[in-house]
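The values are calculated or read from the model by the stated rules, or taken from the named source; none is laboratory data. Keep in mind that this is a model prediction, so the values were computed, not measured. Reconstructed Cβ throughout: ideal geometry from the backbone, glycine too, with neighbour counts over all protein chains shown. Please note that ligands, DNA and RNA were not included when accessible areas were found on the heavy atoms of the full protein model with its side chains. Shrake-Rupley method; radii C 1.70, N 1.55, O 1.52, S 1.80 Å.
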Amino acid sequence: MNNVHLAIQFFIQLAVILLFCRLVGAIALRLGQPQVVAEMLAGVLLGPSLFGLLWPEAQHWLFPWDSSQKMRDTQSYLFPASQLWSRALHVCGRDGIPRRHRAPQINKLNRRVGGGNVDTFVLGAGLAWILFDHTALFPTKTSRSEAMLFLGASMCITAFPMLARIIHFKKLTGTTMGTVALGAGAIDDATAWCLLAVVLASFEKNWSNALVNITGGIAYVASLST
């Protein structure tokens with residue numbers, strides 16, 4: 001699939017997603033539900049859970065997926081585009097203060113009142129401790145400690161697109177509260193992804209991969225802060 005075909009496919013997908021979200025949103029509004037819930041439901045309905053189940057050929061044509069990742073498919077462009085939109089929302093708040101000056105202070109306050117990643121990580125690790133003996137969720141070569149680290153870190157990841165939509169729906173975009181939510185979520189996410197890099201490196205017994213990823217992430221953030 002060349003770049004022209006990818007562009008055509010992308011805009012077709014975008015049109016279908018936006019139109020379907022508006023349709024589901026209109027129905028949800030009559031039921032007293034916000035637009036963000038409708039968009040989440042629309043994503044489930046357009047995926048393999050319903051669309052792919054009832055009409056798999058059409059679903060695969062509209063959202064091509066290659067499990068071997070040998071060709072560029074929907075994941076290679078649609079997901080990054082959605083992530084870019086959610087993370088690019090409003091560089092500054094309404095008061096003109098850049099988020100990078102405000103978010104670290106708010107995240108520190110968040111940790112003082114017991115927020116952040118600690119509680120979620122503990123709950124996720126505890127769940128992994130139980131599931132490790134009673135299910136086949138984890139591969140056989142995975143140790144209990146690796147399973148606990150992986151599930152605990154995974155539970156700490158913030159759904160940024162959903163968070164951004166909730167903030168937009170509540171008309172908190174650009175406000176201190178909206179900035180706090182996105183900023184704290186970003187910092188917590190960075191911590192969780194670093195922990196995941198360590199877990200994945202432990203699977204491969206190659207700690208240099210984790211070091212490269214974490215160092216590269218820190219360097220990238222530092223370059224944006226200058």
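Net charge in the neighbourhood of Phe132 (other residues with Cβ under 15 Å of its Cβ; Lys, Arg +1, Asp, Glu -1) is 0. Each of Leu78 and Leu19 was given a label point 7 Å from its Cα along the Cα-to-Cβ line. The distance between the two points is 1.5 nm. Relative to its Kirkwood radius, the Cα radius of gyration of the range 154-197 gives an Rg/Rh of 1.04. Along its first, second and third principal axes, ordered by size, the range 163-226 spans 46, 28, 12 Å in Cα coordinates.
For the range 1-66, with all protein chains in place and a probe radius of 1.4 Å, 75% of the accessible heavy-atom surface sits on carbon or sulfur.
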